[in-house]
Amino acid sequence: MGARAEPKRQQVRLRGRSYVAFVFCPVVPIVGWLEEIDATLARSPGFFVGKPVVLDLSAVDLSQSAIAHLVASLENRNIRVLGIEGVEAALVTTSMPPLLTGGRHCVVQQSKPEKPEAKPKPTSLLLENPVRSGQSVIFTEGDVTVLGSVSSGAEIVAGGSIHIYGTLRGRAMAGVNGNPAARIYCQKIEAELLAIDGYYQTAEQIDVTLRNRPAQAWLEGDIMKITPLN
Amino acid sequence: MAKVLVVTSGKGGVGKTTSTAALGAALAQSGEKVVVVDFDVGLRNLDLVMGAERRVVFDLINVVQGVAKLSQALIRDKRLENLWLLPASQTRDKDALTDEGVGSIIAELRTKFDWIICDSPAGIERGATLAMRYADEAVIVTNPEVSSVRDSDRIIGMLDSKTVKAEKGEQVKKHVLITRYDTARAARGEMLTIEDILEILATPLLGIIPESQDVLRASNVGSPVTLNNAASTPARAYTDAARRLMGETVAMLVPTARKGLMDRLLGRRAA
């Protein structure tokens, strides 16, 4: 067993791969351009984090120290420069990112920075003042509650139910987004029109014995029912 | 502190101009320095009711456009030395009014007067919105009729949304003035009751002015009713309303039908 195992020659395998990088094209004055970058960062912090960035210096004429300063300034802003483009090779030192050539244009898919989680929208609307003639309150996200009266010539449109603690003299339209379970409640009914999910009754169709009484309206199948509340 | 008061209604013919003149004169009689401003450009009437129609040289539009100075356009009343009129133009229309122009005139008037009473045109268009634009307080003139009440309601909605005060998140102080209250028809139950009106408008009451020949008579001779016949029922109702505007507490009188001698002799019911 004198044969010694020959150590296997590890082959260096080189592969090519292309990535999409952001290309920064600084313009003079550099200070002003950096302010623009800062403004972008203020709007969406973390926008450039982890993204490869290439500096295209063809639009400016910078000295070696200026290039070094620019790279350092970007690094201070957490922007790491992957390579430099558009300058003479002599200007790039070994401590700087390497010189790149042969870049091709491509369309960058800008992913929107994640917004801080939006508060869930309120699903009810409370109106403390009377709704006057000519006013129209439209709230399709849910219920509408009115503490005062709804005047003749005013209208309330709600995605959910409508509650009126004064007199309803105008129009009330509930469940407009196709919600047949929505209802209309009021302390005193003198409505011009009541509608739930597209089914409606005008003042003429509303039973006169209901007038001036607390009432509710709801849908039973295709029929709108209006009954006194007490 | 100067107060800008707009007299408005939405509906026409309810008594805005009569009320402007009567309230203006009543305030001036109690020593306040008052200017009444006619915003009804193209259909001016306030000058007639004030009896100043023959003395109009310059008007509101001239001042807005810088043709005349405010002092040239102001007309002093012949009867009350602290009552002034700023007339409207009869030859122009409401488009000649601009927001900035009206704003600067109101600002200048604020430095000179205690009360600036703006007589609004009927409707809800430019003239009416500009008349109420800079108001601190509003008198909503309403007749006891459903059409008038609904229009008043619309105007109250606009006072709460379209005025400078409303846009700053403040409130224009609103008062309802019921005019042309017909005691005979009220007795027969043919009119909306005061309670109904106030329930619908949800706004405090400033006064109730009875329908009266005295109002017509005063207009015809070009005199605010409060000056023409201060003892008449409408004049006293306006004077009380003016005192309430100044912050006094005055008991509210609901006009009732008086039986005439003949009615009583014949045993007729008030009708």
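Quick note: the coordinates plus some simple rules give every number you see, no bench work behind them. Model, not experiment: these values are computed from the prediction. Please note: Cβ atoms are built from the backbone with ideal geometry, for glycine as well, and neighbour counts cover all protein chains shown.
Which residue, chosen from A:58, A:160, A:214, occupies the Cα position most advanced towards the positive end of the dipole of chain A, where the dipole is computed from +1 (Lys, Arg) and -1 (Asp, Glu) charges on Cβ about the Cα centre? Of the options given, the answer is A:58. Taking every alpha-carbon pair under 8 Å whose residues sit at least 6 apart, segment A:15-81 reaches a relative contact order of 40 percent. In this structure, the amide hydrogen of residue A:99, modeled 1.01 Å from its nitrogen in the peptide plane, lies closer than 5 angstrom to those of A:84, counting only residues at least 5 positions away or on a different chain. Counting only other chain Cβ atoms within 10 Å of each residue's Cβ, the peptide B:146-153 averages 4. Fully extending the segment from residue B:104 to residue B:254, taken as 0.36 nm per residue of separation minus the present Cα-Cα distance, adds 50.0 nm. The charge dipole of segment B:30-103, taken about the Cα centre with unit charges on the Cβ atoms of Lys, Arg (+1) and Asp, Glu (-1), comes to about 360 debye, rounded to the nearest 20.
So, R0 is 60 Å and r is the distance between the beta-carbons of residue A:227 and residue B:221; what FRET efficiency does that work out to, to 0.05? Calculated transfer efficiency: 0.50.
Across peptide A:130-138, the average count of Cβ atoms from other chains found within 10 Å of a residue's Cβ is 6. Averaged over residues, the count of other Cβ atoms within 10 Å places the peptides A:26-38, B:32-44, B:69-81 in the sequence B:32-44, B:69-81, A:26-38, highest first. Along the charge dipole of segment B:47-145, pointing to its positive end and built from +1/-1 on Cβ of Lys, Arg, Asp and Glu, which listed residue (B:73, B:111, B:90) has its Cα farthest out? Highest projection toward the positive end goes to B:73.
Set the Förster distance to 22 Å, then compute FRET efficiency between residue A:41 and residue A:73 from the Cβ-Cβ distance, nearest 0.05. The calculated FRET efficiency here is 0.95.
Rounded to the nearest 20, the Cβ-based charge dipole of segment B:163-219 about its Cα centre (Lys and Arg +1, Asp and Glu -1) stands at 220 debye.
Relative to the dominant Cα principal axis of chain A, helix A:30-43 is inclined by about 40°.
Rounded to the nearest 0.05, the FRET efficiency derived from the C-beta distance between residue A:20 and residue B:125 at R0 = 56 Å is 0.45. Fully extending the segment from residue A:193 to residue A:34, taken as 0.36 nm per residue of separation minus the present Cα-Cα distance, adds 51.1 nm. About its Cα centre, the protein assembly as shown has a charge dipole of approximately 460 debye under the convention of +1 per Lys or Arg Cβ and -1 per Asp or Glu Cβ, with nothing else charged. In this label model, residue B:171 and residue A:27 are separated by 5.5 nm, measuring between points 7 Å along each Cα→Cβ vector. Computed from Cα positions, the angle between helix A:64-76 and the longest principal axis of chain A comes to roughly 40 degrees. Considering only beta bridges that DSSP places wholly inside segment A:88-230, some 35 percent are antiparallel. Protection proxy ranking for A:139-147, A:184-192, using the average of other Cβ atoms within 10 Å per residue and placing the highest first: A:184-192, A:139-147. Normalised by the number of residues in segment A:29-166, the average gap of Cα pairs under 8 Å and 6 or more apart makes the relative contact order 15 percent. Spatially, segment A:159-230 and segment B:122-148 are offset by 31 Å when compared through their Cα centroids. Relative to the compact-globule estimate of 2.2 N^0.38 Å, the Cα radius of gyration of segment A:39-175 comes out at 2.09.
Pairs spanning more than 28 Å between alpha-carbon atoms, out of A:188/B:3; A:119/B:162; B:78/B:173; B:94/B:162; B:11/B:112: A:188/B:3; A:119/B:162; B:78/B:173; B:11/B:112. Using a cutoff of 8 angstrom between alpha carbon atoms and counting only pairs six or more residues apart, the relative contact order for segment A:170-221 works out to 40 percent. With the Cα gyration tensor of the protein assembly as shown giving a ≥ b ≥ c as the square roots of its eigenvalues, does the rule (a/c under 1.5 for rounded; else a/b larger than b/c for prolate; else oblate) give rounded, prolate or oblate? It comes out oblate by the Cα gyration axes. Taking 0.36 nm per residue of sequence separation and removing the Cα-Cα distance, the residue A:105/residue A:212 pair yields an extension gain of 31.2 nm.
Taking a straight Cα-Cα cut-off under 27 Å and skipping sequence neighbours fewer than 8 places away in the same chain, the lysines within cross-link reach of residue A:121 are A:112, B:168.
The mean number of partner chain beta-carbon atoms within 10 angstrom of a residue's beta-carbon across peptide A:147-156 is 3.
Projected onto the charge dipole of segment A:21-118 (+1 at Lys/Arg Cβ, -1 at Asp/Glu Cβ, origin at the Cα centre), which of A:30, A:82, A:69 gives the Cα projection farthest towards the positive end? Highest projection toward the positive end goes to A:82.
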